[in-house]
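Just below is one structure, and these are the notes that go with it.
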Amino acid sequence: MDKHLTTIKAYVSAWNEPSEDKINRAVVNHVAQNVRYCDPFTDEVQGVKALVKVMANVSQSFPGVKHELVGEPAVHHEVGYYHWTARLESGKTIPGMDYIEFGPEGRITRVVSFTNAADWQ
């Protein structure tokens, strides 16, 4: 669990980076090259570059947004989930939950993110 917790913390923290370059540097050692990601706003994308673009779009659309891990992730075998919040500059807090899969080397191979789309409007 320790390696998975470190990976999850690094991944959630990477959502706070302001540029694609910084996001890429923050996730490169924690996600697989063929990582898959989807959320209520995004059809599934594949690859680090596509994931980084999604993450950068959130930073650009919501300047100053801060993502935080809430509680302890639950992980068994190579799957898990965790809760997070996104705090907007206005002070509004938006909750979410991610289902996550890891490869045998401990890198993230898939993220399915859940949040209420209406909360982001």
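The values are calculated or read from the model by the stated rules, or taken from the named source; none is laboratory data. Since we're looking at a predicted model, the values are computed, not measured. Methodologically, a virtual Cβ is constructed for each residue, glycine included, from the backbone with ideal geometry; neighbour enumeration extends over all protein chains shown.
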Does segment 98-113 hold any residues that are exposed (fewer than 14 other Cβ atoms within 10 Å of the Cβ) and modelled with pLDDT of 95 or more, and which are they?
TYR99
Could you list all residues from segment 76-104 that are touching a Phe, Trp or Tyr at 6+ places or on another chain (Cβ under 8 Å) and β-branched (Val, Ile, Thr)?
VAL79, ILE94, ILE100
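Results for (1) under 22 Å from GLN121 (Cβ atoms); (2) in contact with a His (Cβ under 9 Å, 6 or more places away or on another chain), shown as yes or no for each residue.
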| site | (1), (2) |
| --- | --- |
| VAL35 | no, no |
| ASN57 | yes, no |
| ALA74 | no, no |
| TRP84 | yes, yes |
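Given the criteria in contact with an Asp or Glu (Cβ under 6 Å, 6 or more places away or on another chain) and loosely packed, with under 13 Cβ neighbours inside 10 Å, does GLY71 qualify?
no
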I'm trying to understand the selection: among the residues of segment 1-24, which are touching a helix residue (DSSP H, G or I) at 6+ places or on another chain (Cβ under 9 Å) and either of a type outside the set (D, E, K, R) or in a strand (DSSP E or B) (or both)?
ALA10, TYR11, SER13, ALA14, TRP15, ASN16, PRO18, SER19, ILE23, ASN24
Checking VAL31, VAL45, VAL58, VAL65 in turn, the sole residue that is among the β-branched types (Val, Ile, Thr), surrounded by 15 or more Cβ atoms within 10 Å (Cβ to Cβ) and over 22 Å from ARG107 (Cβ atoms) turns out to be VAL65
Can you report the number of residues in segment 65-116 which are touching a Lys or Arg at 6+ places or on another chain (Cβ under 9 Å), among the small types (Gly, Ala, Ser) and closer than 19 Å to ASN16 by Cβ?
1
